[in-house]
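Below is one structure, written out as structure tokens, with a few remarks after it.
The values are calculated or read from the model by the stated rules, or taken from the named source; none is laboratory data. Quick caveat, the model's predicted, so the values are computed rather than measured. So basically every Cβ, Gly included, is an ideal-geometry build from the backbone, and we count neighbours across all protein chains shown. Remember, those area values only see protein heavy atoms, side chains included, never the ligands or the DNA or RNA. Shrake-Rupley method; radii C 1.70, N 1.55, O 1.52, S 1.80 Å.
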Amino acid sequence: MKFYHEKSKDIPIIAEVDILVAGAGPAGIGAAITAARTGAKVMLIEKGAYPGGIATMGMMSHWSGATQCPLMNEIAERTMKSAALPIETNTGLTPFDCFWGIPHECLKQTLFEMLKQSGVTLQLHTMAVGVISDNNKVKGVITESKSGREVIMAQAVIDSTGDGDIAAFAGVPYLLGREEDNACQPATLMFRIGGVDYSRAVFPPSFETLIDLPKGEIQALGRVHLPSPAGHVLLYKNYLPGEVTVNMTNVTGIDGTDVRDLTRAEMICREQMEKIVLFLREYVPGYEKCYLTASGDMVGIRETRHFKGLYTLTPEDIVEATVFDDWIATRNFFNFDIHNIKGAGLDSNGEQKHFKAKGEYTIPYRACVPEKIDGLLLSGRNISGTHKAHSNYRVMGICLNIGVGVGTAAAVAVKSKCELRNVDITKVQQILLKNGTEI
Ligand SMILES: Cc1cc2nc3c(=O)[nH]c(=O)nc-3n(C[C@H](O)[C@H](O)[C@H](O)COP(=O)(O)OP(=O)(O)OC[C@H]3O[C@@H](n4cnc5c(N)ncnc54)[C@H](O)[C@@H]3O)c2cc1C
């Protein structure tokens, strides 16, 4: 490869804050709002045009699994009260019933309001592109935007970019994807269709939902008639009359940290969308007149880097329902959810229906503290865990709850002027309990 030598130059320091959160997905939202509510000076940067990450930009409205997170309930309840929802939506359902989910369009507005009310300084259209560190301690982040290259200095940086871009820039060791071959879960661009007759339509919410239709069983029809590697049928109800959210595009062999792979994934998913609409019209009752109405702003990436933390969460921790002494997110429950790395459907390792755990597990703070590097915490799907454990804690509610724990810990550490890794975890837990967390 040829190289161009870029000349060095002075770049403006546009802010100096207590806590800088990068990435406004569920994990970044949890961290930023929680830390700001303690009185810390918090800035949140996001590369997109609005907060929410996969929950909004990725058009994934279905918050799976369970977690004990008062902030998540607050977000859901506020969103469901939005006057912008259709009047017919007054069904008495909660966002967690029947896979109706949290409507992503109204969620955007809720998140804007909550960030503003909690005093977070939000800066959109801003990509973190580097770190400023000294002696293995992160002290700030370099950003790029329409305003050029700028610096934000912070006492603590929380990496909630999903992929862990900042941790990677800082040199935290990581593994990409699964341990044996670095393969990552497939990528999906979510979209919505209208014109569905809800009185006759079916809504298979998982790969393991088998439904007999006049022309055959729905998942078997999908495997035969959908463009490979698409081939499964996942359809979610939503709040807009006649609209359905579709989780059926599928691209394998994608490294979500590689811009050329990302471009390929966007193109392949868009090619599949029209064919999926035609499949639904042909084979699925209630969908005969369906049409494309909207699609996510970006292809959804399920898995990339797993960083090395002071502790690495394992599948056994989840199955054994481990309560760690340094818990920061409690009562988490979900199945392992590994999509087929090579094609449609579920990986043989990704049991859903037959998943068994002894109860709910906790996330330890140590899994959010990177090895070697100070001044930095991991939050969301990029915390330290194995490929299989990640397939469980990657769901949005658990990621948001991790953010709440990490945001609280960062605020306590900054206030007591200690390294993030040395924070008084009992003090952090006392604050979480006071804010409604239950163990
Ligand atoms: C297709 C798909 C379907 C899914 N289905 C479900 C489901 O049914 N139920 C469920 O609960 N979960 C589901 N998930 C998982 C879940 O959505 C994610 O794991 C979760 O959103 C992760 O939260 P996060 O905050 O860590 O990351 P994200 O939601 O990915 O948010 C990361 C944010 O960081 C921003 N960002 C990235 N890099 C930078 C940078 N360098 N600088 C600035 N900003 C940056 C991004 O724009 C984004 O807003 C699904 C995921 C995908 C992709």
- Message: 7 Å from Cα along Cα→Cβ at both THR426 and VAL202: what's the point-to-point distance in nm?
- Response: 5.7 nm
- Message: With unit charges on the beta carbons (Lys and Arg positive, Asp and Glu negative) and the dipole taken about the Cα centre of the chain, which residue among ALA220, THR312, PRO370 sits farthest to the positive side?
- Response: PRO370
- Query: Carbon and sulfur together cover what percent of the accessible area of the chain at a 1.4 Å probe radius?
  - Reply: 52 percent
- Note on the structure: Counting only residues 5 or more apart in sequence or on a different chain, those whose built amide H sits under 5 Å from that of GLY375 are VAL138, LEU420, ARG421
- Computed over the chain: longest principal axis from alpha-carbon atoms vs helix 26-37 long axis, angle to nearest 10 degrees, is 40 degrees
- Query: PRE reach from ASN349 (point 7 Å along Cα→Cβ): which of the range 179-219 fall under 15 Å by backbone N?
  - Reply: 179-186
- What is the Å³ per residue value for the convex hull set by the Cα atoms of the range 99-191? 172 Å³
- Note on the structure: Nearest 10, in degrees from 0 to 90: the angle of helix 104-118 to the longest Cα principal axis of the chain is 20 degrees
- On the first, second and third principal axes, largest extent first, how far apart are the outermost C-alpha atoms of the range 160-271 in Å? 54, 30, 24
- Query: Sorting LEU262, LEU20 by accessible area (1.4 Å probe), largest first, what list results?
  - Reply: LEU262, LEU20
- Can you give the accessible area per residue of the chain, in Å², using a 1.4 Å probe? 43 Å²
- Item | Inter-probe distance in nm under a simple model that places probes 7 Å from Cα toward Cβ, at MET1 and GLU74 | 4.4 nm
- Task: Return the whole-Å distance between the Cα centroid of the range 7-59 and the Cα centroid of the range 257-272.
- Result: 26 Å
- Query: When the Karplus curve 6.51 cos²θ - 1.76 cosθ + 1.60 is applied with θ = phi - 60°, which whole-Hz ³J(HN,Hα) does each residue of the range 207-222 get, with x for Gly and Pro?
  - Reply: 4, 8, 8, 9, 10, 7, 10, x, 9, x, 6, 4, 6, 5, 4, x
- Message: Skipping prolines and chain starts, which residues have an amide H placed within reach, meaning under 5 Å, of the one on VAL131, given they are 5 or more residues away or on another chain?
- Response: ILE142
- Note on the structure: In degrees rounded to 10, the 0-90 angle between helix 70-80 Cα long axis and the longest Cα principal axis of the chain is 50 degrees
- Message: Which residue fluctuates most in the GNM of the chain (Cα springs below 10 Å): GLY53, GLY403, GLY177?
- Response: GLY177
- Message: What does the extension gain come out to for MET153 and ASN182, with contour length at 0.36 nm per residue minus their alpha carbon separation?
- Response: 7.1 nm
- Would you mind counting up the charge near ILE33? Only other residues with Cβ under 13 Å from its Cβ, with Lys and Arg at +1 and Asp and Glu at -1. +1
- Task: Starting from the amide H of TRP327, placed 1.01 Å from N in the peptide plane, find each other amide H under 5 Å away whose residue is 5 or more places distant or on another chain.
- Result: TYR365
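So which GluC sites (Glu not before Pro) in the range 6-50 are both in a DSSP loop and have at most 12 other Cβ atoms within 10 Å of their Cβ?
On the way: sites: GLU6, GLU16, GLU46; in loops: GLU6, GLU46.
Here the sparse-neighbourhood loop sites are GLU6.
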- Task: Compute the whole-percent fraction of alpha carbon pairs in the chain spaced more than 35 Å apart.
- Result: 27 percent
- Hey, with R₀ at 30 Å, roughly what FRET efficiency would CYS418 and VAL323 work out to, going by the Cβ-Cβ distance, to 0.05? 0.75
- What list of ³J(HN,Hα) values in whole Hz, one per residue of the range 142-151 in order, does the Karplus curve 6.51 cos²θ - 1.76 cosθ + 1.60 (θ = phi - 60°) give from phi, with Gly and Pro shown as x? 9, 10, 10, 7, 4, 8, x, 8, 9, 10
- Would you mind checking LYS215/LYS289; LYS137/LYS434; LYS388/LYS417 for any pair whose Cα atoms are more than 25 angstrom apart? LYS137/LYS434; LYS388/LYS417
